[in-house]
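Some notes on the structure that comes next.
The values are calculated or read from the model by the stated rules, or taken from the named source; none is laboratory data. Everything quoted here is computed from the prediction, not taken from an experiment. Heads up, the Cβs are rebuilt from the backbone with ideal geometry, glycines too, and the neighbour counts pull from every protein chain shown.
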Amino acid sequence: MPVRRLPSNPDLTHLKYQAKDLLKEHAARTQGTAQRLREFHTRFGRATDSEIFGAKLSLSDAQLAIAREHGFPSWTRLKRHIERPTLSDRLDLPHEQRIEDAVFRRAVELLDAGEVSALRAHLKKHAHLAHQQVVFEGGNYFKNPTLLEFVAENPVRHGTLPANIVEIARVILDAGTSQSARNEALMLVSTGSVPRECGAQLALICVLCEYGADPNSAAHAAALHGELRALQALLERGARMDLPLAAALGREDDAHRLLQAASGEDRHLALSVAADFGHLEIVRLLLDAGENPNRYNPVGGHSHTTPLHQAAAKGHEEIVRLLVKRGARTDLKDILWQGTPADWAKHAGKPRIEALLRGLDTEGKQKD
């Protein structure tokens, strides 16, 4: 789920009220509140709605969720960001301009400029750089990147990459990187639009896997972002085919084969991507297997929406009709913008689907 970006002049008192409102919503047992707590409170990551509503929630719990919902690891860190901001807190600046460590910042500048020899010399002089991390807050990813992760241009900083970015990546990899850094860089490359648009995505995937990045670590993310060429490259380099990947690719035979042994988490994710990408028969297969169309999508998979929101916005009319027929509620609102599936269809320019959904009651029956 995208984080809620703070305004340019955030008010801590207003954020405290948000925490108190969250407590009230938890007491009212609203489904969207359970999803917010599942994603943004460390205690509820795998909890069911009933487990979340059955748990006691304190004001400090609510404040933690509000802080994490805005991209900060704790209420204390959010409070410091507002009351005592530093250069790294300038959310209006590109990431490289928020780096306070001059040595690390110089390494990023050399990377961005494609200065291979100078970067190699800089890394040799400052051997710690290959393993050093910088801290960025206020977002939902790229929070503690190493230098290697900057090769992905994800998040977008300049909108382009140097022509020799693969050679740049090799220089950093040769300087020594951790497994987690290689995996994170692979995920960022596999989901990034800039590496794809620059024609570097597949070559970067290749070199990262050559140096030991695990293709499984990026496969689901690539599928969820619709980066199917990247996903295919990951599969060719050893990523395991599972139910969510089969659902993303529309491989019905694989989906049937993998369904029985799939975990509940994989089934949940598979329904999300199948509805999003328009694979009707896989959606039907998952609904026949008992998947609930009224659950919010899983964390990491458009978790602020339901499958019906995604199908409506993408214009998958047959899937919209099937989901509604199988009990999908038309009145559930997304968590970020409080829009119904019909609202999402309107926003996406799908008037036929909007009219269909507005003509139904919450139980999917035609209104009088």
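Contact map, segment 289-302: residues that are in contact (Cβ under 8 Å) with a residue 24 or more places away in the chain and closer than 12 Å to residue 221 by Cβ paired with residues that are among the small types (Gly, Ala, Ser) and buried (at least 16 other Cβ atoms within 10 Å of the Cβ), Cβ distance under 6 Å, separation 6+ or inter-chain. Pairs shown: 301/272. Of the residues in segment 157-186, how many are over 13 Å from residue 213 (Cα atoms) and either among the hydrophobic types (A, V, I, L, M, F, W, C) or in contact with a Lys or Arg (Cβ under 6 Å, 6 or more places away or on another chain) (or both)? Going through segment 157-186 one residue at a time, the tally reaches 8.
For segment 114-163, filtered to residues that are part of a loop (DSSP other than H, G, I, E, B) and among the acidic types (Asp, Glu), the residue that is farthest from residue 80 (Cα to Cα) is 115.
Can we say residue 270 is not assigned by TED's automatic domain parsing to the domain that holds residue 35 and not in a helix (DSSP H, G or I)?
So residue 270 does not fit the description; no.
Looking across segment 66-112 at every residue that is of a type in the set (A, V, I, L, M) and outside any helix (DSSP H, G or I), the one that is nearest to residue 16 (Cα to Cα) is identified as 91. Of the residues making up segment 253-278, those that are over 19 Å from residue 293 (Cα atoms) and either buried (at least 17 other Cβ atoms within 10 Å of the Cβ) or under 23 Å from the mean Cα position of the chain (by Cα) (or both) are 254, 258. Against the list (1) modelled with pLDDT of 95 or more; (2) surrounded by 16 or more Cβ atoms within 10 Å (Cβ to Cβ); (3) under 28 Å from residue 266 (Cβ atoms), the condition residue 1 fails is (1). Criterion first (in contact (Cβ under 8 Å) with a residue 60 or more places away in the chain and among the small types (Gly, Ala, Ser)) does residue 114 satisfy it? Considered against the rule, which asks whether it is in contact (Cβ under 8 Å) with a residue 60 or more places away in the chain and among the small types (Gly, Ala, Ser), residue 114 comes out as no. Quick check on my filter: what residues within segment 151-201 are more than 20 Å from residue 229 (Cβ to Cβ) and of a type in the set (Ser, Thr, Tyr)? Within segment 151-201, 177, 178, 180 qualify.
Got a sec? Which of 210, 137 is free of Cβ contacts under 8 Å to residues at least 24 places away in the same chain, over 28 Å from residue 250 (Cα atoms) and among the acidic types (Asp, Glu)? Only one candidate passes the filter, namely 210.
When each of 22, 37 is tested for being of a type in the set (A, V, I, L, M, F, W, C), closer than 24 Å to residue 79 by Cβ, modelled with pLDDT of 95 or more and in contact with a Lys or Arg (Cβ under 8 Å, 6 or more places away or on another chain), the lone residue that passes is 22.
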